[in-house]
Amino acid sequence: MSFVSNEVYAVISNNIFVGNDIRPGQTVNILDTSDCDWWKGRCTKTGLVGFLPATHMARIMPGEKVHRVASLCSMRDRLGNTLTLAKNQVIFCD
């Protein structure tokens, strides 16, 4: 088994959390990465354990916060560019 310690990942898209449901934006402690396609993780909100597709996860770096967009919206970035965010899209902010 390959264990990952102290790394927290965010679910970045709707997917199947084998064993339990999990939504985009929720965070997961990764417990086992021995299968390169499906990682075993524990939901930080519920404590439930299950398997997630590794390609649907993104590592949260120290100081980052994870947000899930509640409805379609537009906003401007620091350079004045317009960004359109889709419902359930996951964004990371520092």
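Laboratory data are not the source of any read-out in this text; all were calculated from the coordinates shown. Nothing here was measured: the structure is a model prediction, and the numbers come from that model. Backbone-built Cβ (ideal geometry, glycine too); neighbour counts: all protein chains shown.
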Only one of SER71, SER34 is in a loop (DSSP other than H, G, I, E, B) and touching a residue at least 24 places away in the same chain (Cβ under 8 Å), namely SER34
Residue among ARG59, ARG23 that is without any contact (Cβ under 8 Å) to a residue 60 or more places away in the chain and either among the charged types (D, E, K, R) or touching a strand residue (DSSP E or B) at 6+ places or on another chain (Cβ under 6 Å) (or both): ARG59
Residues that are of a type in the set (A, V, I, L, M, F, W, C), closer than 27 Å to TRP38 by Cα and either in contact (Cβ under 8 Å) with a residue 60 or more places away in the chain or surrounded by 13 or more Cβ atoms within 10 Å (Cβ to Cβ) (or both): does the range 76-87 have at least one? no
